Amino acid sequence: MSDLQCAAVLLMARHGHAYEPEPGTDGDLGLTPDGVAQARALAASLRDRRVAGLFTSTLRRAVETGAVVGEQLGLRPEALPGLVEFDLGPDTETPDGEARALQVMRRWVDGDLDAALPGGESGTQVVTRFAGAAQEIADRFRGETVLVISHGGAMSLVLPHLAAAEPGMTESRWIPPCGVAEVHVDADGWLLKTWPGSTDMAVAGH
C-alpha cells in the first residue's frame, strides 16, 4: 500500500473552556481552571493512541490546551493559523451584530458558504484555509495518528463539508470543550468516524 493510501488519523479536538471576554476587549483569552482540567483529561484519554504529532490553532485558548496536552503526552505543539476560529468581522460588535452573525452561520449550515458580513470571512474562506492546514498535517503523517486542537465553530462548519459521515452524525453541532472528532484522511478523501456534538448549546461554553 502506498503512502497516499495510508490514512492519517486526525483527532480534531476543541480547546478547553476559556475565560469569557469583556465587551469591547480582546476575545483571545486563556483557559479557566476547568479548561486546564479538561485538557489534562483529554491527554489521559489519548495515552493509548500513540499520538505522533500535536497541532493547534494560533489562538491562546487552543495554544494553552496544546501546551497542557503536550506536556502530558511528551509532544511539542505546533501552531498553524489555518486552524483558527472563523472571524465574522467588526459588525459583530454592533448592537444587532449577534443576530446578524447567527443569520450568516445559519446560511452556512444550509449550504450557502458565500454568506459573510462586511469585513468578515465567508464560509468558503473558512473551509478553504482550515482544509488546507488539515490536509498539510495529513500529508505529513500518513499512517499515523495526530491530535489537532481547534475551535468548535470551525469544526462544526468545516468537517461536515469535507468528510463523509453516517447520516445524521453531525446534526448535533454544539461541541463541548475538548470534544474530539476522529477523521481519517487518505487519497480517497475524508471520512468522519466519530463526532462529539450535542443538540444543547449550553454544553459549548466559551
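The values are calculated or read from the model by the stated rules, or taken from the named source; none is laboratory data. Fair warning: this is a prediction, and the values are worked out from it, not measured in the lab. Glycine also receives a Cβ, built like all others from the backbone with ideal geometry; neighbour counts cover every protein chain displayed. With ligands, DNA and RNA removed, areas are computed over all heavy atoms of the protein, side chains included. Shrake-Rupley method; radii C 1.70, N 1.55, O 1.52, S 1.80 Å.
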Connecting every pair of Cα atoms under 10 Å apart in the chain and solving the GNM, the largest mean-square fluctuation among Glu22, Glu136, Glu93 falls on Glu22
Checking Glu182, Glu166, Glu78 against a Gaussian network model of the chain (alpha-carbon springs below 10 Å), the top fluctuating residue turns out to be Glu166
SASA check, Trp174, accessible area w/ 1.4 Å probe, all protein chains in place, rounded to nearest 10 Å², comes out at 100
The chain: relative contact order from alpha carbon pairs under 8 Å, six or more residues apart, as a whole percent, is 31
To the nearest 10 degrees, the tilt of helix 33-45 (Cα long axis) against the first principal axis of the alpha carbons of the chain is 30
Among Met155, Met169, Met12, the residue with the largest mean-square fluctuation in a Gaussian network model of the chain built from Cα contacts under 10 Å is Met169
Longest principal axis of the chain (C-alpha) makes with the long axis of helix 123-140 (C-alpha) an angle, in degrees to the nearest 10, of 20
So the angle from the long Cα axis of helix 97-109 to the longest Cα principal axis of the chain, reported in degrees to the nearest 10, equals 40
Sparse-neighbourhood loop hits (trypsin sites (Lys or Arg not before Pro), region 31-111; DSSP loop; Cβ within 10 Å at most 15 others) -> Arg47, Arg49, Arg50
With -39,500 (n - 2.57) per DSSP H segment of 4 or more residues and division by the full residue count of the chain, the 222 nm estimate, nearest 500 deg cm²/dmol, is -11000 deg cm²/dmol
A 1.4 Å probe over the protein heavy atoms gives the chain a carbon and sulfur accessible-area percentage of 50
The extension gain from Glu22 to Ala99, computed as 0.36 nm times the residue separation minus the Cα-Cα distance, is 25.9 nm
